[in-house]
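Visitor: So that we are looking at the same thing, I have put the structure below in structure tokens.
The values are calculated or read from the model by the stated rules, or taken from the named source; none is laboratory data. Not measured: the values here are computed from a predicted model. Glycine gets a Cβ as well: all are built from the backbone with ideal geometry, and neighbour counts include every protein chain shown. Surface areas here come from the heavy atoms of the whole protein model, side chains and all, with no ligands, DNA or RNA. Shrake-Rupley method; radii C 1.70, N 1.55, O 1.52, S 1.80 Å.
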Amino acid sequence: MDFYERVRFVMNHIPYGKAATYGQIALLCGKPRNSRQVGYALNRRLGGKDLPAHRVVNASGYLSGAASFRTPDTQKKLLEAEGVIVDDENRVDLKRFGWHHALEDALEFREWFEQNGI
DNA sequence: TAGGTGACGCGGT
DNA sequence: CACCGCGCCACCT
């Protein structure tokens with residue numbers, strides 16, 4: 001199984017206007033302890049260059065990867081353009097903008113990986 | 001081969 | 001809440 005292929009697939013399912021955590025992505029990829037690898041993948045742009053990477057924040061809601069975008073405020077701008085509120089501490093309220101339905105898609109994702117040998 | 005790193009997360013205080 | 005320590009794991013050196 002190719003972890004990065006899974007990351008690409010899952011990333012493309014993060015809803016517009018919502019923020020997913022590294023842990024959620026890792027979990028949906030079938031590797032609940034690989035949250036650090038999700039960050040590694042995005043930082044090195046593994047799995048593709050046109051992913052909605054700005055929608056990924058850490059478990060506390062902080063835009064921990066902001067420094068890896070074009071400019072220090074690029075991620076914040078992209079999120080705000082989708083209606084996501086980012087406070088002056090570069091943090092989003094996951095209660096409001098979190099991807100709360102992620103687990104409900106887990107089965108569908110697992111089957112897709114199965115059928116596509118990923 | 002051994003050791004260091006980090007877009008992470010959780011549990012304890 | 002915030003802060004801290006520790007576990008985690010694919011990748012580099």
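Visitor: Checking the condition open to solvent by 40 Å² or more (accessible area, probe 1.4 Å) and under 18 Å from A:V7 (Cβ atoms), which residue from A:Q24, A:Q75 passes?
Guide: A:Q24
Visitor: What about A:R96, is it assigned to a helix (DSSP H, G or I) and in contact (Cβ under 8 Å) with a residue 60 or more places away in the chain?
Guide: No, not satisfied.
Visitor: Restricting to region A:36-66, what's the tally of residues that are part of a loop (DSSP other than H, G, I, E, B), open to solvent by less than 60 Å² (accessible area, probe 1.4 Å) and near DNA strand B (Cβ under 6 Å from one of its atoms)?
Guide: Looking only at that region, the number is 2.
Visitor: Would you confirm whether any residue within region A:77-100 is within 11 Å of A:T21 (Cα to Cα) and touching a Pro at 6+ places or on another chain (Cβ under 8 Å)?
Guide: Checked region A:77-100: at least one residue is within 11 Å of A:T21 (Cα to Cα) and touching a Pro at 6+ places or on another chain (Cβ under 8 Å).
Visitor: How many residues, within region A:9-23, are more than 7 Å from DNA strand B (Cβ to nearest atom) and assigned to a helix (DSSP H, G or I)?
Guide: 3
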